[in-house]
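Asks: Let me begin by handing over the structure; questions about it come next.
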Amino acid sequence: MDQSERQMDQSELFELYEELRAYVGWDNSDADRLAALKPLLEPAFHDIIEDFYDEVARHPKAVRVITGGEKQIARLKQTLQGWLKDLFSGPYDKEFVERRFRVGQRHVEIQLDQFFANVAMSRIRGRLLDALAQHTPDSFEDRDAAIRSLNRILDLDMAIIDIAYQREFSAREQRQKRLATLGRVSGGIAHELRNPLNAVKTSVYYLLNAKNASPEKTREHLQRIDRQVAISDNVITALSRFARLPVPILRPVNLCDLVDQALDANPLPENIELVRDPSDSFPLVVGDQEQLVIVLGNLIRNACDAMPDGGRLTLTCREIEPEVDSGPARFSLSVTDTGCGITAEVLPQIMEPLFSTKTRGLGLGLAVAQAIVKRHDAELSVSSEPGRGTTFTMTLNIVEDPA
Ligand code: HEM
């Protein structure tokens with residue numbers, strides 16, 4: 001994490017703390033009450049700290065995080081003393097929140113189970129409330145209010161420790177996701193390149209070892225190598241295109257031309273019937289024609305792949321009423337097939353890079369489509385009924401004033 005990210009993180013943390021403070025009803029009088037309590041409760045800190053570590057010692061699963069023996073415990077007692085003093089004196093500013101967050105982070109680092117942090121806090125709270133009952137004179141102004149202030153600051157501290165744990169869990173989850181993606185990427189690339197490379201290897205072996213190979217045979221093998229190299233090259237092009245999608249150049253695009261161009265580049269197999277609804281008079285939308293052709297082409301190819309035994313492909317254009325009066329006018333272009341459909345289980349994953357249900361292909365088509373559509377301030381959605389078919393809908397902005 002660099003300096004600016006760290007600063008942003010600290011500000012976010014403080015904002016969150018302020019929100020939580022408002023939630024528990026914290027105000028300046030809480031800080032005043034805690035400051036007034038401090039001299040009264042401080043004499044009890046020593047016993048509270050001893051009790052804290054006596055209890056830790058009774059729980060092997062808690063004590064296992066203390067790896068430095070008596071010396072470390074002596075140091076920990078000092079830190080807990082500092083933590084208690086800080087609790088009553090504040091000021092409850094950004095630095096305070098940072099220090100309290102650090103405690104949570106340290107516990108995450110040493111792998112203290114979160115529930116031990118919680119019950120340990122409960123123990124400290126109990127001992128502090130006992131001390132408050134014993135050490136505050138009857139004349140102490142509004143004891144109930146003091147108890148509320150103490151509970152508030154301890155609850156806020158616990159929330160901060162929880163946040164540290166939660167952040168660590170989500171960071172861990174992201175790391176795992178990244179690793180899983182890396183695994184899929186490597187597996188996908190390996191799978192796609194292994195076949196052509198094997199074919200090249202076989203031909204090279206033939207060319208190196210064949211005795212008296214005829215010129216025709218030699219040519220046949222060289223052509224085979226050439227074809228397989230082209231296949232490998234396509235895989236690499238698809239990957240690098242995905243990694244470096246150019247910024248779209250937005251211009252008015254005629255939807256009718258777009259559909260024609262995508263169909264030209266992706267001719268339908270004979271067993272698939274095409275329905276265009278309506279067949280003409282599409283409006284002008286805002287987009288990068290070249291990139292939108294890629295999106296539509298990917299959707300058409302997917303639809304065809306879903307209907308290996310034939311079916312019907314319907315391209316539907318509809319104007320969408322803006323949700324608010326001033327909202328931009330939008331147009332939807334749907335690609336519907338009558339194929340095998342996608343199960344509800346698989347549906348949320350289909351736009352993820354390198355997710356594929358096909359035996360061949362890198363699984364980049366829909367991820368590329370999604371990435372392009374996002375850069376158009378447009379949307380791509382999908383609905384499917386297993387056994388009946390799937391509809392992909394791209395929603396684009398209409399050119400406001402085509403003149
Ligand atoms: C809510 C209750 C707890 C509080 C307020 C607390 C307080 C602290 C503080 C202030 C630190 C120093 C953080 C820093 O390095 O800046 C710390 C670290 C630590 N805490 Fe806790 N703690 C709590 C619960 C526990 C429990 C239940 C254990 C169980 C053994 C534990 C074990 C440790 C250990 C091993 C360290 C690392 C110390 C080092 O750096 O050597 N803590 N804790």
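The values are calculated or read from the model by the stated rules, or taken from the named source; none is laboratory data. These numbers come from a predicted model, not from an experiment. Cβ coordinates were reconstructed from backbone atoms using ideal geometry, including for glycine residues, and neighbour counts include every protein chain displayed.
Asks: Restricted to the stretch 213-240, and to residues that are surrounded by 14 or more Cβ atoms within 10 Å (Cβ to Cβ) and at pLDDT below 85, which residue is nearest to the chain's Cα centre (by Cα)?
Replies: Of everything passing the filter in the stretch 213-240, LEU239 is nearest to the chain's Cα centre (by Cα).
Asks: Now for a separate question. In the stretch 230-244, is there at least one residue being assigned to a loop (DSSP other than H, G, I, E, B) and not polar (S, T, N, Q)? It would help to see each step written out before you state the result.
Replies: Within the stretch 230-244, the first condition is being assigned to a loop (DSSP other than H, G, I, E, B), and the residues that meet it are 244.
Next, from what is left, pick out any that are not polar (S, T, N, Q): 244.
Within the stretch 230-244, one or more residues are assigned to a loop (DSSP other than H, G, I, E, B) and not polar (S, T, N, Q).
Asks: If we scan the stretch 132-149, do we find a residue that is within 16 Å of the ligand (Cβ to nearest atom), modelled with pLDDT of 90 or more and crowded, with 19+ Cβ neighbours inside 10 Å?
Replies: Step one: filter the stretch 132-149 for residues within 16 Å of the ligand (Cβ to nearest atom), giving none.
No; the residues of the stretch 132-149 include none that is within 16 Å of the ligand (Cβ to nearest atom), modelled with pLDDT of 90 or more and crowded, with 19+ Cβ neighbours inside 10 Å.
Asks: Give the residue that is farthest from the ligand (Cβ to nearest atom), with candidates limited to residues of the stretch 17-44 that are over 19 Å from GLY82 (Cα atoms) and of a type in the set (A, V, I, L, M, F, W, C).
Replies: ALA22
Asks: Here is a further query. Go through the stretch 154-163 and report how many residues are more than 11 Å from the ligand (Cβ to nearest atom) and either closer than 10 Å to LEU20 by Cα or among the small types (Gly, Ala, Ser) (or both).
Replies: Total satisfying the criteria: 3.
Asks: So HIS191 fits all but one of (1) loosely packed, with under 15 Cβ neighbours inside 10 Å; (2) without any contact (Cβ under 8 Å) to a residue 12 or more places away in the chain; what number is the exception?
Replies: (1)
Asks: Let me ask something additional. What number of residues in the stretch 342-355 are crowded, with 19+ Cβ neighbours inside 10 Å and either under 15 Å from ASP305 (Cα atoms) or modelled with pLDDT of 85 or more (or both)?
Replies: Within the stretch 342-355, residues that are crowded, with 19+ Cβ neighbours inside 10 Å and either under 15 Å from ASP305 (Cα atoms) or modelled with pLDDT of 85 or more (or both) number 2.
Asks: Return the residues of the stretch 293-315 that are under 32 Å from the mean Cα position of the chain (by Cα) and either outside the structural domain of ASP257 (by TED's automatic domain parsing) or not aliphatic (A, V, I, L, M) (or both); say none if nothing qualifies.
Replies: Passing the criteria: GLY297, ASN298, ARG301, ASN302, CYS304, ASP305.
Asks: Starting from the stretch 12-31, take each residue that is within 16 Å of ARG167 (Cβ to Cβ) and outside the structural domain of ARG167 (by TED's automatic domain parsing) and list its partners that are surrounded by 12 or more Cβ atoms within 10 Å (Cβ to Cβ) and of a type in the set (Gly, Ala, Ser), counting only C-beta distances under 7 angstrom and pairs at least six apart or across chains.
Replies: Pairs found: none.
Asks: Right, another one. Sort through LEU16, LEU34, LEU40 and tell me the only one that's under 39 Å from the mean Cα position of the chain (by Cα) and of a type outside the set (Ser, Thr, Tyr).
Replies: On the way: LEU34 fails: under 39 Å from the mean Cα position of the chain (by Cα); LEU40 fails: under 39 Å from the mean Cα position of the chain (by Cα).
Exactly one of LEU16, LEU34, LEU40 is under 39 Å from the mean Cα position of the chain (by Cα) and of a type outside the set (Ser, Thr, Tyr), namely LEU16.
Table: residues versus (1) without any contact (Cβ under 8 Å) to a residue 40 or more places away in the chain; (2) among the β-branched types (Val, Ile, Thr); (3) assigned by TED's automatic domain parsing to the domain that holds ARG301.
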residue: THR202; (1), (2), (3): yes, yes, no
residue: ASN209; (1), (2), (3): yes, no, no
residue: THR218; (1), (2), (3): yes, yes, no
residue: GLN228; (1), (2), (3): yes, no, no
residue: LEU239; (1), (2), (3): no, no, no
residue: PRO267; (1), (2), (3): yes, no, yes
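Asks: Need pairs with beta-carbon distance below 9 Å; first residue touching a residue at least 40 places away in the same chain (Cβ under 8 Å) and within the stretch 104-116, second small (Gly, Ala, Ser) and near the ligand (Cβ under 6 Å from one of its atoms); sequence gap 6+ or separate chains.
Replies: Pairs found: GLY104/ALA117; HIS107/ALA117; LEU112/ALA62; LEU112/ALA120; ASP113/ALA62; PHE116/ALA62.
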